[in-house]
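Just so it is clear, none of the values below were taken in a lab; they were calculated from the coordinates. Values in this document were obtained by computation on a predicted structure and should not be read as measured data. As a convention, Cβ positions derive from the backbone with ideal geometry for all residues, glycine included, and neighbour counts pool all protein chains shown.
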Amino acid sequence: MKSGYVGVIGRANAGKSTLVNVLVGEKVAIVSPKPQTTRDAIMGILNEPDYQIIFVDTPGIYKAKNALSSIMEKTAETTARDVDALLFVMDGHEGLSESDIQLAKKYLAFGVPMAVAYTKIDIMPKENIPADMKKLYEAGVTCDVYPVSARKGTNIKKLVSGVAALLPEGEKLIEDDIVSDKSEKFMLAEIMREKILLTFDKEIPHGVAVVVNKFIKNESGVYEVDLDVICEKANHKAIIIGKRGEAIKNVSSFARKDMEKFLGGKVFLTTYVKVKEDWRDRPSLLRDFGYDPKNNS
Ligand SMILES: Nc1nc2c(ncn2[C@@H]2O[C@H](COP(=O)(O)OP(=O)(O)OP(=O)(O)O)[C@@H](O)[C@H]2O)c(=O)[nH]1
Ligand SMILES: [Mg+2]
């Protein structure tokens, strides 16, 4: 059988996490319309009789502005150098840009087999597709390009077969029923972060970290989850809490519904909002919130 790791890389907001979720058939990574949603390398595992593909979703390429975004950049770079194949995701609907071409060429030069997923074709004129594919090829991006829509499921099977073919022959690397390398606790924190990204604007969601301090199933079978929403500034805290606590109540209930779906049981969620000034640039806090400053250079 074919088996191996596939680094899923590309610009921020291209659609990488949405695609990984569709490829593995389960939500392993959160998604939002804002760039820099994904902060960690997250594995999503696809098992079929003839292959096991371990997709590694990565933070999108975006100009690093603080220590956290440098860590994210480094995570993507390290992943891309340590996989059996690369899946470069580009947003077709945004239109093929010079920076996509340069980035694709950079990864191609890593010398590992690569395929391109040209995604979001459900919201763009179909006639642009061949022209962009030609442009990519002429620019030297000579690997296979798959026009897909993660939202509509278009061409996903073709993409999977194409990616599987890039992998070496080998044994299964991960046990059959595992879908992600991340813990339930990690996913609960990410679900909360997703709802914050979907609710608040500008710098607020980017300056938020979520830490789960308690996660137990009590004797009545209810999951008790206590978490901290950490933001960077006192005025952000006021916005997140909202008038009479309305905003945080809504976000928490939005998150709780998803947590219940994810855990398959009732959730009792307690949320605290805290301020840690400029935590995104402070190594000890970055470490406390699960982002490894060693990945920053
Ligand atoms: N119409 C449409 N929208 C899509 C598709 N794939 C992703 N999107 C949307 O594009 C936005 C970004 O998607 P993500 O999957 O979070 O993108 P990403 O590349 O993981 O972003 P970062 O983690 O920030 O790098 C979201 O609003 C998605 O709903 C698609 O196939 N069609
Ligand atoms: Mg993502």
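In straight-distance terms, cross-link reach from K276 covers every one of the lysines whose alpha-carbon lies under 22 Å from its own, apart from those fewer than eight places away in the same chain; here that gives K65, K185, K195, K202, K214, K233, K237, K243, K249, K294.
Straight-line cross-link partners of K134 among the aspartates and glutamates, defined as a Cα under 18 Å from its Cα and at least 8 positions apart when in the same chain: D91, E94, E98, D100, D144. Based on Cα atoms of the range 33-83, Rg over Rh with Rh as the Kirkwood radius reads 1.08. Computing FRET efficiency as 1/(1 + (r/R0)^6) for K172 and E203, where r is the C-beta to C-beta distance and R0 is 30 Å, gives about 0.10. Here the Debye sum runs over all C-alpha atoms of the range 2-166 as equal scatterers in vacuum, and log10 of I(q)/I(0) at q = 0.19 Å⁻¹ comes out as -1.25. For the range 78-99 versus the range 143-176, the inter-centroid distance based on Cα atoms is 14 Å. Taking 0.36 nm per residue of sequence separation and removing the Cα-Cα distance, the N250/I123 pair yields an extension gain of 42.7 nm. In the chain, taking the dipole from charged Cβ atoms about the Cα centre, the farthest positive-side position among S220, I156, F110 is held by S220.
Net length available on complete extension from K152 to A131 is 5.4 nm, with 0.36 nm assigned per residue and the Cα-Cα distance removed. When the P(r) is computed for the chain, the part past 37 Å accounts for 17% of the Cα-Cα pairs. Remark: the chain carries a charge dipole of roughly 1020 debye about the Cα centre, counting +1 on each Lys and Arg Cβ and -1 on each Asp and Glu Cβ. Here the calculated FRET efficiency for S99 and S220, from their Cβ-Cβ distance with R0 = 41 Å, stands at 0.15, rounded to the nearest 0.05. If you take the Cα centroid of the range 181-201 and the Cα centroid of the range 214-245, the two points sit 12 Å apart. Sorted from longest to shortest, the spans of the Cα atoms of the range 162-297 along the three principal axes equal 58, 47, 28 Å.
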